[in-house]
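Asks: Before I ask anything, let me first share the structure, which is written out below as structure tokens.
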């Protein structure tokens, strides 16, 4: 697009030659921004009616004469280089402009650097592999130009590379990595121009990845295809799998389980972050192999599992909660952390109550909500042990760790909604994410119309029926449920499905991710679109989750305006939104001014349903 725009600004007798010259400068690493302005002026000068009959040489001579309408600085230098470029390429419109001292212009060294042919072959090789390699080609051409400028006939390729690194390192290191990869390519192919550029820490570069070749080669390729067909980017995870493949090649004597365990331990020695990411992707690969019945299958143990003093009691407690209908998945993590905490050497001699009191102490820079999240499950677990008369029972007071006050929901106006969705409809595709303008508006509209939780947007295609409008939410916070779309929303998503299927034909999710965006980015996209389309107000900015609030209190407001009984609507809204308790239902709209009085009446009418118990069962 930029190239097309630029070609439209030149219209003189040398317009195509100027464009070729600018392309050459860009490819050799020069921005050439200011010089383009001077070349524009020269192009307008050539297009003047009085100059149209002049030859290129006569145009250049007339341009160099002082006069009005010509740039004071840089105009002569740029046109001089343009003439030299045409001369070196053997162009019939070539001309030569001498300097003020009568010296000929310096050579541009067009495609005559010592690495010109190797760079051309290297770039073609990369592009055949599906890489654009546009910016990197500019870095390589700049490196070749640097070598041509400094070639004295005695400098070796290694000396050229070292001199280039010193020169580029004075400003930035953006380009050294490209030349390092090019040098490694030459080394692997036995070129006489080969050189090696070490990393800043002194380590030598490793050979480029040439394909999976380990014990798990076929399984890794199939595993990646499954992930990509599901619409996942899986780019960082692929790097971990490449490291795992190299590791397996270096340790051919180990079994599949030993390879997985040893690799994860080696990654953890490098750093916590690398170890955690590597363990996660290798665990997913192991699960895939196990589910596929592969002979090379292995299993990675849960990193949170520690057989501490409460391991058996926690297992029975979790089984009890799940038998009562609670999923109890996230709380297991806090219980296992507590069990590991009790197993520490400094805590193993403490009595149960002392360990519980030590656990609830506020940690440094810990948010109240984080503290409440890790203390709450342990408090309920202690009450469970006390109710059984267990000797390891303990008591944690209800008010030890309280959550901070929740942020009040943003109350949308009709104008807010109209402006926001007009902006969504105007989204355009971009080069980095071809599905952005399709997926984001559809996901936000679904959230607005259905009021689901943000975590429930991870909807599988198998759980959507466009004909009946049924959408099954299997992984909901309070258990699975089925919600129903309107006919308009079903038709919209049906057309959306036809459009997105061209980009992700075998996707697993209704709202797939892309190479530059995940499903967790919906909240950020919502925030960016809102800030750019809706004027700021004194109420602040909404959160993506506030669309869920809006569905509930908007339906209650419409019910009141129609004169209907809100209590009759309540069970349907609770079922749709996945609420189990009346308190959860009331929370979402108690701050809406038009219905605050009605909320008080609803609460009074529901008092008979709320038993007189010290607390609501912890979920």
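Asks: Would a scan of region 556-570 turn up a residue that is in contact (Cβ under 8 Å) with a residue 60 or more places away in the chain and out of contact with any helix residue (DSSP H, G or I) (no Cβ under 7 Å at 6 or more places or on another chain)?
Replies: Initially, region 556-570 is screened for residues in contact (Cβ under 8 Å) with a residue 60 or more places away in the chain, giving none.
Checked region 556-570: no residue is in contact (Cβ under 8 Å) with a residue 60 or more places away in the chain and out of contact with any helix residue (DSSP H, G or I) (no Cβ under 7 Å at 6 or more places or on another chain).
Asks: For region 315-327, which positions are touching a residue at least 24 places away in the same chain (Cβ under 8 Å) and surrounded by 18 or more Cβ atoms within 10 Å (Cβ to Cβ)?
Replies: The answer is 317, and nothing else.
Asks: Enumerate the pairs (first residue in region 433-452 and without any contact (Cβ under 8 Å) to a residue 12 or more places away in the chain; second residue anywhere and assigned to a loop (DSSP other than H, G, I, E, B)) with beta-carbon separation below 7 Å, excluding pairs fewer than 6 apart on the same chain, so at least 6 apart or on different chains.
Replies: 437/427; 437/428; 437/429
Asks: Kindly indicate the residue of region 283-292 that is assigned to a helix (DSSP H, G or I) and under 11 Å from residue 223 (Cα atoms) and also farthest from the chain's Cα centre (by Cα) among those meeting that condition.
Replies: Result: 289.
Asks: Pick from 83, 76: which is closer than 23 Å to residue 16 by Cα, at pLDDT below 75, outside any loop (DSSP other than H, G, I, E, B) and in the same structural domain as residue 14 (by TED's automatic domain parsing)?
Replies: Step by step, each of 83, 76 is checked, and only 76 is closer than 23 Å to residue 16 by Cα, at pLDDT below 75, outside any loop (DSSP other than H, G, I, E, B) and in the same structural domain as residue 14 (by TED's automatic domain parsing).
Asks: Counting just the residues of region 214-250 that are in contact with a helix residue (DSSP H, G or I) (Cβ under 6 Å, 6 or more places away or on another chain) and in a loop (DSSP other than H, G, I, E, B), which one comes out nearest to residue 461 (Cα to Cα)?
Replies: Step by step, filter region 214-250, then rank; the result is 234.
Asks: Let me ask something else. Out of region 438-460, which residues are at negative phi and either outside any helix (DSSP H, G or I) or surrounded by fewer than 16 Cβ atoms within 10 Å (Cβ to Cβ) (or both)? It would help to see each step written out before you state the result.
Replies: Residues of region 438-460 that are at negative phi, as a first pass: 438-450, 452-460.
Of everything in region 438-460, those that are at negative phi and either outside any helix (DSSP H, G or I) or surrounded by fewer than 16 Cβ atoms within 10 Å (Cβ to Cβ) (or both) turn out to be 452, 453, 455, 458, 459, 460.
Asks: I'm trying to understand the selection: among the residues of region 421-432, which are in contact (Cβ under 8 Å) with a residue 12 or more places away in the chain and out of contact with any helix residue (DSSP H, G or I) (no Cβ under 6 Å at 6 or more places or on another chain)?
Replies: If the condition is that a residue be in contact (Cβ under 8 Å) with a residue 12 or more places away in the chain and out of contact with any helix residue (DSSP H, G or I) (no Cβ under 6 Å at 6 or more places or on another chain), then 421, 422, 425, 432 are the ones that fit.
Asks: Mind listing just one residue for me: the one in region 173-192 that is part of a helix (DSSP H, G or I) and touching a helix residue (DSSP H, G or I) at 6+ places or on another chain (Cβ under 7 Å) and, of those, nearest to residue 136 (Cα to Cα)?
Replies: 178
Asks: Sticking with this structure for a sec: List, please: which pairs have Cβ atoms under 8 Å, are six or more places apart or on different chains, and start with a residue in region 506-528 that is within 15 Å of residue 444 (Cβ to Cβ) and end with one that is assigned to a strand (DSSP E or B) and modelled with pLDDT of 80 or more?
Replies: 510/460; 510/464; 519/509
Asks: While we're looking at this one, here's another question. Would you say residue 113 is in a helix (DSSP H, G or I) and either touching a strand residue (DSSP E or B) at 6+ places or on another chain (Cβ under 9 Å) or at pLDDT below 80 (or both)?
Replies: no
The values are calculated or read from the model by the stated rules, or taken from the named source; none is laboratory data. Please read all numbers here as calculations on a predicted model, not as lab measurements. Using ideal geometry, Cβ is built from the backbone for each residue, glycine included, and neighbour counts are taken over all protein chains shown.
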